[in-house]
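The values are calculated or read from the model by the stated rules, or taken from the named source; none is laboratory data. The shown structure was predicted, so the numbers you read here are calculated from the model rather than taken from an experiment. When we count neighbours, we look across all protein chains shown, and the Cβ atoms used for this are built from the backbone with ideal geometry, even at glycine. Just so you know, the surface numbers come from the protein's heavy atoms only, side chains and all, with ligands and any DNA or RNA stripped out. Shrake-Rupley method; radii C 1.70, N 1.55, O 1.52, S 1.80 Å.
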Amino acid sequence: MNVITLSDTLLAEYCKSLQDCIAIAGFKPDVIIPIANGGAYVAERMDFQDAKICVVSLKREGSRIKEQLKLAYILKALPYWLLNLFRIAEAKILERTQQPEQLDRSEIEKIREELKKVLPLHQTAILIVDDAVDSGKTLATVMMATRDLAGPQVDIRSASLVVTTASPRIVPDYFLIGEDLLRFPWSNDFKD
């Protein structure tokens, strides 16, 4: 398992490569649903002309805890080699403790209500975008809420730059990297 630090330039290249994979598959979304925050950064660097963007917000518990503790100041002071060890340890712990837990119906309903306000009535192809899939719970939650709202006739697919674990709850239809870790420009431990 490696940690790859993405500069803005490298991030743009990865996003373009992900977009190319989707285009080569022949999928043309008319709606893109990025999962904030990371998915929104990825989606804004992809160019799907005429696709409506409908951002939803859902964060995994680990991200919430890091933000509440305001760890960014401490993390930015540490060298990358140590931060890489922390990231790898966190990923291994997540993978070992990952349980096939039930999706939270209240989170699905919250996302569904959020989408109900912005999702166009008539769509044929929806792409859900996130930056990384770890346990897959966030992507599965947004996928279920979107499916509930859009109906079975709509082609719903998902994309992510990276899948960090060997067996997430859901694997995106399109992704570039498997089982490595990416440090994004918006990550708490990214240094300019």
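Assess whether Arg64 counts as being open to solvent by 60 Å² or more (accessible area, probe 1.4 Å) and modelled with pLDDT under 70.
In short, yes.
Suppose we filter Thr165, Thr146, Thr141 for residues that are out of contact with any Phe, Trp or Tyr (no Cβ under 7 Å at 6 or more places or on another chain) and outside any helix (DSSP H, G or I); which single one remains?
After ruling out the rest, the residue left standing is Thr165.
Going by the structure shown, is Pro172 more than 24 Å from Arg96 (Cα to Cα), at pLDDT 90 or above and part of a loop (DSSP other than H, G, I, E, B)?
When the stated conditions are applied, Pro172 does not pass them.
Name the residue that is nearest to Ala159 (Cα to Cα), counting only residues in segment 96-112 that are surrounded by 12 or more Cβ atoms within 10 Å (Cβ to Cβ) and modelled with pLDDT under 85.
The selected residue is Leu103.
Scan segment 132-188 residue by residue and report those that are charged (D, E, K, R) and either in contact (Cβ under 8 Å) with a residue 12 or more places away in the chain or surrounded by 23 or more Cβ atoms within 10 Å (Cβ to Cβ) (or both).
Asp134, Lys137, Asp148, Asp155, Arg157, Arg169, Asp173, Glu179, Asp180, Arg183
What number of residues within segment 123-138 are farther than 30 Å from Lys92 by Cα and either touching a Phe, Trp or Tyr at 6+ places or on another chain (Cβ under 7 Å) or assigned to a helix (DSSP H, G or I) (or both)?
1
Examine segment 74-88 for a residue that is of a type outside the set (Val, Ile, Thr), modelled with pLDDT of 90 or more and within 18 Å of Asp30 (Cα to Cα), and state whether such a residue exists.
Checked against the condition, which is being of a type outside the set (Val, Ile, Thr), modelled with pLDDT of 90 or more and within 18 Å of Asp30 (Cα to Cα), segment 74-88 yields no hits at all.
Does at least one position in segment 113-122 carry a residue that is open to solvent by 30 Å² or more (accessible area, probe 1.4 Å), closer than 23 Å to Met1 by Cα, free of Cβ contacts under 8 Å to residues at least 12 places away in the same chain and assigned to a loop (DSSP other than H, G, I, E, B)?
no
For segment 17-36, name all the residues that are assigned to a strand (DSSP E or B) and touching a helix residue (DSSP H, G or I) at 6+ places or on another chain (Cβ under 8 Å).
Hits for segment 17-36 are Ile32, Ile33, Pro34, Ile35.
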